[in-house]
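Below is one structure; the comments refer to it alone.
The values are calculated or read from the model by the stated rules, or taken from the named source; none is laboratory data. In this text the structure is predicted, and so the values were computed from the model without any measurement. When we count neighbours, we look across all protein chains shown, and the Cβ atoms used for this are built from the backbone with ideal geometry, even at glycine. What goes into the accessible areas is simple: the full protein's heavy atoms, side chains included, and nothing from ligands, DNA or RNA. Shrake-Rupley method; radii C 1.70, N 1.55, O 1.52, S 1.80 Å.
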Amino acid sequence: MNDFLRQLAISQQGLTASAKFSPGLEGTRQAIEHLGYVQIDTISVIERAHHHVLWNRVPDYQANTQSNHLNQLVQQQHIFEHWFHAASYLPMRDYRYVLPYMQSIRNGQHRYFGHGDRHLMKEILARTRAEGNIRLRHIDSKNKQSSGAWWNTSLARRSIDQLFMQGDLMISERHGMEKVYKLTEHCIPHNLNLNIPTLEEYARYLFDTTMRAHGIFTWKQLIHLKTGKDIREAMRKIVNEQLDAGIITTLDQLGYVNKDSQNTFIQMNALELLKPLELKVKILSPFDNLVIHRERLNALFKFDYRLECYVPLAKRVYGYFSLPILYGDHIVGRIDCKAHRTQQRFEVISLHLEQNYFKDHTLDQEHFIDTLNMEIQNFAIFNQCPDVDFNLSKVFK
């Protein structure tokens with residue numbers, strides 16, 4: 001049963017050897033709409049997470065030009081940037097479901113956002129309206145010409161962040177990680193549904209997004225970072241409706257009994273359509289949708305994963321930015337890499353394998369080495385670093 005559950009999770013995520021999504025721009029749109037969100041990350045030791053996640057799923061994904069697929073889809077008003085559980089790209093069709101979050105920031109109910117200066121915010125909006133767009137450095141340049149303390153960088157950043165988070169500004173494109181902002185009214189389709197969802201509608205959106213993207217999911221996933229009795233009751237009602245309709249079932253109803261079996265749910269039609277997975281390697285981002293819920297990852301794949309870039313150097317075990325290695329329906333190791341872009345050199349700093357897997361699957365070793373070698377080469381090219389100086393042939397020696 002464990003094999004089927006892992007295969008279901010991987011298949012629903014679009015991480016199989018045969019592509020789930022179309023190539024190029026259209027496939028990028030399909031992937032974001034299917035996954036519900038793709039997390040944005042600023043760490044650049046390798047290609048950033050939002051590009052990495054999509055490259056693993058979309059044939060011919062384009063990341064490394066200014067007209068990359070994400071910028072194109074934002075400009076075509078198919079996707080937008082805002083908050084899921086972190087900064088993310090989201091399907092434009094789901095825009096209304098971030099409206100309650102925007103409203104809470106506007107009402108001063110969020111502890112992280114809401115510290116912008118109101119005079120500066122009005123000036124930013126006026127300049128954006130007059131000039132068409134604005135960047136943070138445009139505001140900073142004013143600082144050099146003004147003695148006003150409210151033009152300092154930190155206050156400018158807080159002010160533009162608040163305008164973005166409460167929905168007055170949207171990000172219209174990125175130059176690397178530099179954001180270009182426009183007024184929201186210029187970035188959304190004219191016929192977009194802007195009705196604030198009811199609590200039940202919002203809970204259903206969370207449920208549908210999770211079920212569609214994962215196939216197998218937990219109660220904790222459904223209410224991740226959502227607090228309060230009301231949202232829990234709304235979600236419980238939807239879960240019970242789906243159970244009664246036979247759309248989902250629980251692990252214990254399938255005869256798989258453990259302490260979490262009653263709170264782990266399976267999408268029935270996805271399980272029925274499941275096909276065996278080909279033995280292929282994929283090097284995953286630490287922020288990949290498959291691995292981001294660490295507790296579920298450990299329960300499903302028996303893989304205890306921690307991102308160590310936030311850990312002091314002396315306490316790191318696997319490296320600054322170790323990446324999970326998916327092989328077939330198992331996560332079999334971690335690889336710590338660095339892209340030296342000016343030298344076009346891709347460095348494999350360390351490789352740690354889950355030895356228990358290879359003790360049980362000795363016939364896979366040669367195939368794994370060949371497949372991982374090939375994937376590292378592909379990954380290095382994706383990172384614009386075709387020169388790889390690591391030899392995997394010694395891994396099992």
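Some values worked out for this structure:
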{"read-out": "Qualifying positions in the range 1-33 - under 18 Å from Leu70 (Cβ atoms), of a type outside the set (A, V, I, L, M, F, W, C) and assigned to a loop (DSSP other than H, G, I, E, B)", "value": "Gly14, Ser22, Pro23"}
{"read-out": "Residues located in the range 55-91, provided they are closer than 19 Å to Ile292 by Cα and open to solvent by 50 Å² or more (accessible area, probe 1.4 Å)", "value": "Trp55, Trp83, Phe84"}
{"read-out": "Selection count, the range 180-211, where residues are buried (at least 17 other Cβ atoms within 10 Å of the Cβ) and either of a type in the set (A, V, I, L, M) or modelled with pLDDT under 95 (or both)", "value": "5"}
{"read-out": "Only one of Thr371, Thr342 that is of a type in the set (S, T, N, Q) and surrounded by 14 or more Cβ atoms within 10 Å (Cβ to Cβ)", "value": "Thr371"}
{"read-out": "Filtered residues of the range 269-298 (kept if buried (at least 16 other Cβ atoms within 10 Å of the Cβ), in a helix (DSSP H, G or I) and modelled with pLDDT under 90)", "value": "Ala270, Leu271"}
{"read-out": "Pairs where the first residue, in the range 37-52, is within 18 Å of Asp94 (Cα to Cα) and the second is polar (S, T, N, Q) and part of a helix (DSSP H, G or I), C-beta under 8 Å, 6+ apart", "value": "Tyr37/Thr209"}
{"read-out": "Test: Asn356 is over 12 Å from Ile283 (Cβ atoms) and part of a helix (DSSP H, G or I)", "value": "yes"}
